[in-house]
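**Q** The following block contains the structure, expressed as structure tokens.
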């Protein structure tokens, strides 16, 4: 799994790629969310477009990020979830918590609304 | 034919190799290409549960995954060395109410939805066994 971060305006875009599978790597993702809050980057867009495989461990870290950011007054939104990852969001009802987007600009704009 | 067995230490570092093995099993049974990763998610979720709840993440303890390929289904058994009670260990519905914000506990829910059939039981020796049926079209 790889993690890339980029500021776009006042939104931190975190792009994950590869397999998001249980193990120590997930702690790295968790710490990225915490660092974002520490640096007062409370608006985060998580790009899952290049994630080839994800299970419940990955969902757990995303929920953790949501909680961390929400408590800091921010928000976590999801970009480009693949069909299979979207299915996991539906099965677990997390789709009712997260705003998901397929267009990056639309997603970025949503933080200003 | 006797089932084929895969024996794994209870260590999350083996999850990625397991994912690849399960997709190879699915491919050999002619599971549709699009469904291979869903199959591997379902089995990996149950293997993780077996490592955690049955074997307490002790790498010395083994999770055994066996499978049989039938004309219309693949049957997996995921066995651990414990005798945990699934409803006790997984005693909440991760898809309802405030529990939606829990960071864990979704594995069985996901496996049940993807595989259509997941059942908890015991091996002849009294250890926890999960049976997963993956239908073949």
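**Q** Which of the residues that make up the stretch A:89-113 are under 13 Å from residue B:106 (Cβ atoms) and either touching a residue at least 60 places away in the same chain (Cβ under 8 Å) or over 14 Å from the mean Cα position of the chain (by Cα) (or both)?
**A** Those that are under 13 Å from residue B:106 (Cβ atoms) and either touching a residue at least 60 places away in the same chain (Cβ under 8 Å) or over 14 Å from the mean Cα position of the chain (by Cα) (or both): A:90, A:91, A:92, A:93.
**Q** Using beta carbons and a limit of 7 Å, which pairs, at least six apart or on different chains, have the first residue in the stretch B:14-36 and free of Cβ contacts under 8 Å to residues at least 12 places away in the same chain and the second one surrounded by 17 or more Cβ atoms within 10 Å (Cβ to Cβ) and part of a helix (DSSP H, G or I)?
**A** B:27/B:36
**Q** Name the single residue that is nearest to residue A:17 (Cα to Cα) among those in the stretch A:91-100 being assigned to a helix (DSSP H, G or I) and at the interface with another protein chain (Cβ under 9 Å from one of its Cβ atoms).
**A** Among those that are assigned to a helix (DSSP H, G or I) and at the interface with another protein chain (Cβ under 9 Å from one of its Cβ atoms), it is A:94.
**Q** Residue by residue through the stretch B:1-30, note down the ones that are surrounded by 15 or more Cβ atoms within 10 Å (Cβ to Cβ) and away from every other protein chain (no Cβ under 14 Å).
**A** B:6, B:25, B:29
**Q** Tell me the strands (runs of 3 or more DSSP E) entirely within the stretch A:1-85 that contain at least 1 residues that are more than 22 Å from residue B:101 (Cα to Cα) and away from chain B (no Cβ under 11 Å).
**A** A:2-8, A:11-20, A:43-54
**Q** Here's a follow-up. So, residue A:37, is that one within 23 Å of residue B:109 (Cα to Cα) and in contact with a helix residue (DSSP H, G or I) (Cβ under 7 Å, 6 or more places away or on another chain) or not?
**A** So residue A:37 does not fit the description; no.
Bear in mind that the values in this text are calculations on the coordinates, not laboratory data. These numbers were taken from a predicted model, which means no experiment stands behind them. FYI the Cβ positions are ideal-geometry reconstructions off the backbone, even for glycines, and counts take in every protein chain you see.
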